[in-house]
Amino acid sequence: MKRRRLLAEMNVVPYIDVSLVLLVIFMLSAPLLTQGVNVNLPKGVTKPVPDKTPPIVISVSRHGALYLQYKDVHQAVQLDDLSQVVQRLSHGHGDDTQVLVGGDAAVDYGKVMAVIARLQQAGISKVGLLTRPEGH
């Protein structure tokens, strides 16, 4: 008479099923955690904050040309020279120098971001974006 050999294997199919179910649960719940909370912000009219020194205004034209305005200075400026010119104009004002960037509605967003990056390289921490008031 032949003896039967015992099978000493573990059945892993239930473990795989449980792990796949957990994976699906995590995949479905992860996007819910990264989404923010919808906030309905109040509307209001604000007044500009008075500043001791006038801001440096950089305008980006529809064609990508840069123009700088500061006190009596009105000049066209190249992107490569922007950080040096802004550093020269802001010298002596410390961290109080405010720069406003205004881009034409048709200008490429990347051009405005390049201007902001150059301003950060120049050490300017107060950068604002110019907008047109609603209804104008």
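Nothing in this text is a laboratory measurement; each read-out follows from the coordinates by a stated rule. Nothing here was measured: the structure is a model prediction, and the numbers come from that model. Counting neighbours? That spans all protein chains shown, and the Cβs are built from the backbone with ideal geometry, glycine included.
Distance between the pseudo-spin-label points of Lys52 and Ser19 (7 Å out from Cα toward the beta carbon): 6.5 nm. Extension gain for Ala106-Met10 works out to 27.9 nm (0.36 nm per residue, less the C-alpha to C-alpha distance). Taking K and R as +1 and D and E as -1, what net charge do the other residues with C-beta under 13 Å from the C-beta of Ala105 add up to? Charge balance near Ala105 sits at +1. Using 0.36 nm per residue and subtracting the Cα-Cα separation, the extra length available between Leu130 and His91 on full extension is 11.7 nm. The residues Leu89, Leu119, when put in order of fewest to most other Cβ atoms within 10 Å, stand as Leu89, Leu119. For segment 56-129, DSSP calls about 50 percent of its internal beta bridges antiparallel.
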